[in-house]
Each structure stands twice: as C-alpha cells, then as structure tokens.
1. Could you work out how much longer the chain between Ser333 and Lys191 gets when fully extended? Use 0.36 nm per residue separation minus the Cα distance between them, nm to one decimal.
2. Specify the angular offset, from 0 to 90 degrees and rounded to the nearest 10, of the alpha carbon long axis of helix 119-129 from the longest principal axis of the alpha carbons in the chain.
3. Treat each spin label as a single point 7 Å out from the Cα along the C-beta direction, and report the Ile237 to Asp29 distance in nm.
4. Helix-only estimate, please: 222 nm mean residue ellipticity of the chain, summing -39500 (n - 2.57) across DSSP H runs of length 4 or more and dividing by its residues, to the nearest 500.
5. List the aspartates and glutamates whose alpha-carbon lies under 12 Å from that of Lys99, not counting same-chain residues fewer than 8 positions away?
6. Go through 361-374, 160-173, 131-144, 224-237 and give me the packing order, highest mean Cβ count within 10 Å leading.
7. Take each of the peptides 70-81, 341-352, average the number of other beta-carbon atoms within 10 Å over its residues, and list them starting from the highest.
8. Compute the distance in nm between two label points, each set 7 Å from the Cα along the Cα-to-Cβ direction, one at Arg128 and one at Thr371.
Amino acid sequence: MEVMDRAPQEWRQRYKVNEFANAFAERHDIEYAIPTDSGNGAVHTAVATINPSPGDEIITTPISDVGTVLGIIAQNAIPIFADMDPDTFNISPEDIERKITDRTCAILIVHLFGNPCDMDEIMDISRRHGIPVIEDSSQAHLAEYKGKLVGTIGDIAAYSLGGKTLTTDQGGMVITNNRDLAARSVGFTRKGSEMDDTLTEMLGPTSYRWGSARGYAFLGTHSPMTDLEAAVGLAQIARWDEATETRRKAAAILDEALYELPGIHLQTIRPGNKSAYYVYGYRVDEEEAGVSTEEFAKAVQAEGIPDCHGAYIHGIPLYKYPLFAEEHTYGDSAYPFVDEHGVRRVDYKNLHLPNVERYLSTTGTVLFRNTYTEEDANDIATAMRKVAIHYAANKG
C-alpha cells in the first residue's frame, strides 16, 4: 500500500527495490545484490556478466529447469552438460573436469532441489583451471555448505524469486562480492549501461546505489524488478528463516519414515550441509520397490497427497529436448551449436551421460510449502510409506 500511495509522485523510483536488495545482501553477508525481473533473468545476467564470446563453452547440468541454460544460448555460448552424482543428484565434479576444454569460460552449477553441490571440489577445479563459477541457487534459498550460505562461495550467483521459499511472485536476484562483476551485472540489466566508479552508501555497508555514466555502452537487456514486487519480498524476507526451518522439519519427518524402505532412495545431503528443500527428492528402484516412480507418485496422490510428483522434468535430460536434439535456436541456423561457417561445435544427439540416463527417470519430488505443519508432514510420510510397503509386499 505504501508503494501504491506513493505511486503518483514516485512511480518506478526503485526505492523499495533498493531496500529489498540491501536486505538480501545483508542476509547473505555479501557486498552486492542486483535485482532482476525473474530467475531466468538472473541466470542470464550472471552469464552475461562473465561475458562469453560466441562459441565459448559453459559446463552445467542437464537436470534443471531450462531457465538455467537459456541465458547461455542467448549469449551465443554453448551449454556443455556434465553427468550427475547418483546419490546427491547434483552435478559430478569429476565429470566437470573431464568436460573442460580450451573454450570453457565458466562452470554453472545448480544446487538441485536445495541440496548444496560439492563446492570444495568445484572451487578447486575453478582455481586450478582459472574458470569462474556461477551458482544457480534458485532452488537453494538459505541452503548451507559447511556453514556457508550457497551463492556466496562461487564468483557470482543467481536466484529465482518466483514461487520459491522467498517469493516476489516473479523476480530474481544476482549476488557477488566482486565489484567489477557487480558493475557489469547492473549495467547489463539497464540496457547495457556502463556504470561509473561512484557508489553512494545508503542504508548500511552492503547497500549501494549505482550511478550511470554512459548508456548503450554494450549489448544488454532490460529486466527490472518493480517496487511492488520488492515490497512483497520485504514482507516475505522477515519469514524467510522460519519458512526454511519449516521445510527442514518436514524433511526430517519424511527421512525418518522413508529410511530403508525397499527400493526408495532418498537424496543424500552430505554431512555438514543443510538443504533448503525447495522440493524433497527421492528415487524409486522399480525392481526393488515393485513399482515405477510414476506409478508410485500416482498412488501417493490417490492417498490425498497432491504434492507428490513423478519423474523430475518428465525424466528427460535437457539435451534430449527439441531445443538441443533438433537444434531449434535461431531460424534454421542451429547457431551457436553449428557456427556461421557450418562447423559443428557440439552434437547433443550423440551425447550420453550414463548416470543421468539411468537415474533421472526414476527421480521424483515432493513439493514443499512454507505453510506445512508437523501434521501435514506426517500425512505425507504416512502416505508414501503406505504405498511403498504395499508395492514391496506385492511385487512379482
């Protein structure tokens, strides 16, 4: 209502946006937070900030919403997909290193379902090869890796704020401690503006307003967050930690109920880490469980649990979707997968990642909500346990 009351005189002044960015940066104990219009816009901004040349390669995971990779292709770079770790469901550091070439310009990791990636291994690879790391933390709000909030470990991070633990309806955020990356991120979201060297302190040590020195300085975009969205974010941020703990308590109830059930494998959270539980990940071994992942989810839904779902992203890795397999990019060009001279840079049709292709179709999720009570979590656990025990007892 404050935004609406001030709208006739101060419409699009970004005062709430600046306040929200300040609060987001302070919660992460990080220098710079740059709001965007969406999570897709945030990842695109982070990729553009790294500034790949056409044909450069960015190593990432094929197990994510396509928004993770659209910014790569929009910058005319090439997603190079690495295999998954079957226990954590996250990108495999060993396969990241195997995929590095002289064209690799960044590593874009996803903390899948809120579970932190193996950041020690990934940052070691980054340092040894001199390759920056982008953290897609869209599903991992306030997740912790060995006591550090994810998003603060790599060079730059992107967040979705659309329907996540902290939501602004639609919106995103980019964070970094690197001043040069922050300046380019701000400039990219402001139609390619070159930001000057003056920072005016506003509310605290992590809060700044950037001045603009020169517009249209490079190829950028326009992806602003609005004051109305930021006002929603500010109302939600006070409940952020509580909502995260609600999800963790629900996960603990499911862990206890589902542990060691025949054919049910839970996403492994490594010791010392804390998942944000955007969703609760599980895997169904059909031979052991006597039921497929899809049938299991439908049976749990029939028990009155609509938030239990079957295979994530329909069990299909990104490289098998038409965008990649049929190279539907710019007109009939297949660019950047095929360069302007007709030289093929990547062949997704013949890409095979053994762990992804073995386990993704068996990987299901339970959508978690900030409003779940202990009773809700127990109802979900009871239904999942009942279904698992039923099929295991009747298999064959």
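The values are calculated or read from the model by the stated rules, or taken from the named source; none is laboratory data. All values reported here derive from a predicted model rather than from experimental measurement. Here the Cβ positions follow ideal geometry from the backbone for every residue, glycine too, while neighbour counts run over all protein chains shown. Calculation scope for accessible area: heavy atoms of the full protein, side chains included, ligands and nucleic acids excluded. Shrake-Rupley method; radii C 1.70, N 1.55, O 1.52, S 1.80 Å.
1. Computed gain between Ser333 and Lys191 is 48.5 nm.
2. Approximately 50 degrees, to the nearest 10.
3. 1.7
4. For the chain, the value works out to -11000 deg cm²/dmol.
5. Straight-distance partners of Lys99: Glu57, Asp83.
6. Taking the mean over residues of other Cβ atoms within 10 Å, the ranking is 131-144, 160-173, 224-237, 361-374.
7. Taking the mean over residues of other Cβ atoms within 10 Å, the ranking is 70-81, 341-352.
8. Simple spin-label model gives 4.9 nm for this pair.
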